[in-house]
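Scroll down for the structure; my scribbles are underneath it.
No value in this document is a laboratory result; all are computed from the given coordinates. Small disclaimer: the values here were computed from a predicted structure and weren't measured. Cβ atoms come from the backbone with ideal geometry, glycine included; neighbour counts cover every protein chain shown.
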């Protein structure tokens, strides 16, 4: 595909978001798009009131795509809360509107229609993601549509997750929410929309938005690079040393990673070509794929963060450097740290938070 089409659509989407009064840098909004290109599941973090949910809606609207908001409830315990359940008394499956959405996306995909579908799972960590989203986490591993099965309990009916259906989960981290397991983090890019005092007081002028420009599914698909693309192999050659050095730093604390994360970092870099400087893209991929897995307390973790600071300097890797400094500062202040603002120690089996003595 001519990348000019992609650039035109994304630049228009950025102008559309800015016209609504948001002042996020172009680089951050391009990062959001690249994450969606790389993987159909993105976690969007940030303090309450930073516009996370609004941006998911505006981005989809700017691309003339379908958009659905689903509010996650703290009472969700299983797939049935998202998909529905089999009513034995009536002999029917009580499906949710979410299942109807999957059917619609699958039908348009089979018919070769141009529609893209965005689903925002709002406050997705009010319940344990690996419980109610389990079937999708498993289906995500499928390379082809026929491998990405979603089986409805009680009926045996099989749905398929089509490639025109993209998920974004917005999250806050506080005492009412759950941390993400490695199973979830390994399958998503974790973006963070942060604000500074300059952002709060930056001139935010609402303007007449540009007309939405449809980014068709076919164009979106053509813009994506998979692991078989020659550009991914070239990226791997250029960044193998940096990725290996990172792995060696993380291994003593058991925060190192496997093939999946290595592949997704390289995929992100390949998909960022023409949109971001490659070093900036590597910086963001470290922040989004590696740092979210680091959490805990103690001197060993402090030493790891200091070692990472020495390697990921502000001059070369400003996004990772800033996040590592923030994580180290919270560790010193609170005797616990993690990637997400407000992240709490994991809950014990009795529901209480773990203490330093546990």
Quick check: Cα centre of segment 1-21 to Cα centre of segment 308-335, how many Å?
32
Where does the chain land at 222 nm, in deg cm²/dmol rounded to the nearest 500, when only DSSP H runs of n ≥ 4 count, each adding -39500 (n - 2.57), divided by all residues?
-13000 deg cm²/dmol
Taking the DSSP beta bridges in segment 3-201 as the whole, what percent of them are antiparallel, to the nearest 5?
25
Orientation-averaged projected area, Cα convex hull of the chain (nm²):
19.5
Using alpha-carbon pairs under 8 Å, 6+ residues apart, how would you state the relative contact order of segment 225-334 in percent?
24
Do you know the relative contact order of the chain, to the nearest whole percent, from alpha carbon pairs under 8 angstrom that are 6+ apart?
21
Two pseudo-spin positions, 7 Å from Cα along C-beta at residue 259 and at residue 54, lie apart in nanometres by 4.4
Bridge type composition, the chain - antiparallel percent by DSSP, nearest 5
30
At each listed q (0.21 Å⁻¹), what is the log10 of I(q)/I(0) that the Debye formula gives for segment 200-323 modelled as equal alpha-carbon point scatterers?
-1.19
Kindly state, to the nearest 0.05, the FRET efficiency for residue 69 paired with residue 27, given R0 = 25 Å and r defined as their beta-carbon distance.
0.45
Binning at 10 angstrom from zero up to the longest distance, how are the C-alpha pair distances of segment 1-125 distributed in percent?
10, 36, 32, 16, 5, 1
